[in-house]
Amino acid sequence: MGTEMTDLLGFLRCPRTKSHLVAKGDGFLYSMQGGYRYPIVHGVPDLRLFDPPYTTREEELRIVNAMAEVAGDVAYESLMTFYANELAQYRDPERIQNDIRHRLALLERSPSRLVHLFEKACVSKLPAGSVALDLGCGSGEAIGALIEHGAKQVIGIDISLIELVLAKKLLSEQGVAALLVAGCAEAMPFSDEVFDFIYSPDVIEHVSDQSIYLQEACRILHKEGRMLLNSPNRYSLFTFEPHVGIWGLTFLPRPWIDPVCRMLGRGPYVGKRLVSLPELRRLIKGSFVLFDIFARNSNPKSSSIVGRIYHALSPISVSVYAYIADQHVVLVRK
Ligand SMILES: C[S@@+](CC[C@H](N)C(=O)[O-])C[C@H]1O[C@@H](n2cnc3c(N)ncnc32)[C@H](O)[C@@H]1O
């Protein structure tokens with residue numbers, strides 16, 4: 001068993017029983033209680049209790065096997081374009097190009113967004129020796145930046161094995177040491193109070209149960225631990241819906257959103273649920289007592305007419321503005 005797996009086993013628990021897991025060298029992890037077993041897929045333990053929203057497990061395995069076959073011979077960028085061109089389920093050329101562009105942009109954007117979110121929430125470097133979780137880590141573009149910001153050990157968890165295979169490649173290319181695991185945010189394979197810091201940007205709108213996602217985050221955070229996340233605003237006046245690019249779509253009653261999105265040729269609208277400021281507050285209060293919510297990217301320029309009115313009417317305008325801002329940044333303290 002590699003040292004990486006030994007390190008990971010120190011953190012991992014059975015997501016059902018929370019008992020320790022053991023590796024017997026046959027490609028599975030076994031729970032000490034309950035008799036559960038979980039596969040290790042191309043070096044990544046798969047501790048998911050339910051399927052990813054975007055594909056079936058069989059289709060995902062086909063894709064992951066094909067990626068793993070070429071991963072040793074090509075660079076991250078080629079692996080990512082191979083996935084988008086050859087393997088992704090969507091065949092629309094425009095969508096393929098958008099996906100590639102988006103993923104390339106993330107390589108630059110993720111680390112700078114982390115700096116921006118840390119600044120917005122007034123988080124300075126993490127205390128020495130911090131253990132951090134990148135919750136919904138995607139292809140791991142932010143993990144290096146978490147280490148640069150003081151984390152001694154970072155674990156990345158995501159429901160998508162495809163993202164984790166990409167993350168593995170990216171991190172090895174960047175020379176970044178991190179542990180990766182496939183798991184559900186709603187049933188995390190960790191024991192209570194193990195993380196000092198959880199970073200979870202652009203994830204709350206994708207999980208299947210937002211309350212349980214936050215309850216789980218609270219459970220695995222240390223007593224003085226913190227979590228930093230951001231959430232696109234359901235009622236943003238200033239931006240298009242960030243996934244399908246339709247202004248005002250999420251102002252509609254929820255049952256209408258998917259059919260309208262399909263009707264406009266951008267659907268289906270699945271695996272996404274944007275929340276408003278009051279709903280975000282209610283969700284956070286369900287798990288945490290201490291938290292701050294900041295509006296992001298939305299103060300109008302002081303040189304514009306709107307900006308002048310905004311600044312003249314401060315602080316009332318500042319509170320009103322939070323309801324229609326692009327995004328909310330949340331810092332919680334346990
Ligand atoms: C928009 S991406 C954000 C990725 C990364 N945090 C970033 O900012 O680039 C959302 C990620 O959340 C993951 N995700 C969605 N539902 C999840 C769940 N229930 N548990 C764990 N991860 C989930 C997706 O697979 C995807 O990688």
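Quick notes on this one:
- The magnitude of the dipole of the chain, with charges of +1 and -1 set on the Cβ of Lys/Arg and Asp/Glu and taken from the Cα centre, is near 1120 debye.
- Gyration tensor verdict on the stretch 245-334 (Cα atoms; rounded if a/c is under 1.5, prolate if a/b is larger than b/c, oblate otherwise): oblate
- Angle between the chain longest axis and helix 93-120 axis [Cα atoms, degrees, rounded to 10]: 80 degrees
- Dimensionless Rg/Rh of the stretch 165-308 - Kirkwood Rh, Rg from C-alpha atoms: 1.02
- Taken over the Cα atoms of the chain, the convex hull encloses 151 Å³ per residue.
- Fluctuation leader among SER78, SER130, SER304 - the chain, Gaussian network, Cα springs under 10 angstrom: SER304
- For the stretch 1-116, the Kirkwood estimate of the hydrodynamic radius, built from every pair of different alpha carbons, is 16.8 Å.
- Calculated SAXS-style log₁₀ I(q)/I(0) at q = 0.14, 0.15, 0.30 Å⁻¹ - the stretch 81-136, Debye, Cα scatterers: -0.59, -0.64, -1.18
- Listed peptides 3-11, 141-149, 215-223 by packing density, highest first (mean Cβ within 10 Å): 141-149, 215-223, 3-11
Every number here is computed from the coordinates shown, using simple stated rules; none is lab data. Because the structure is predicted, anything quoted here is derived from the model rather than measured. Counting neighbours? That spans all protein chains shown, and the Cβs are built from the backbone with ideal geometry, glycine included.
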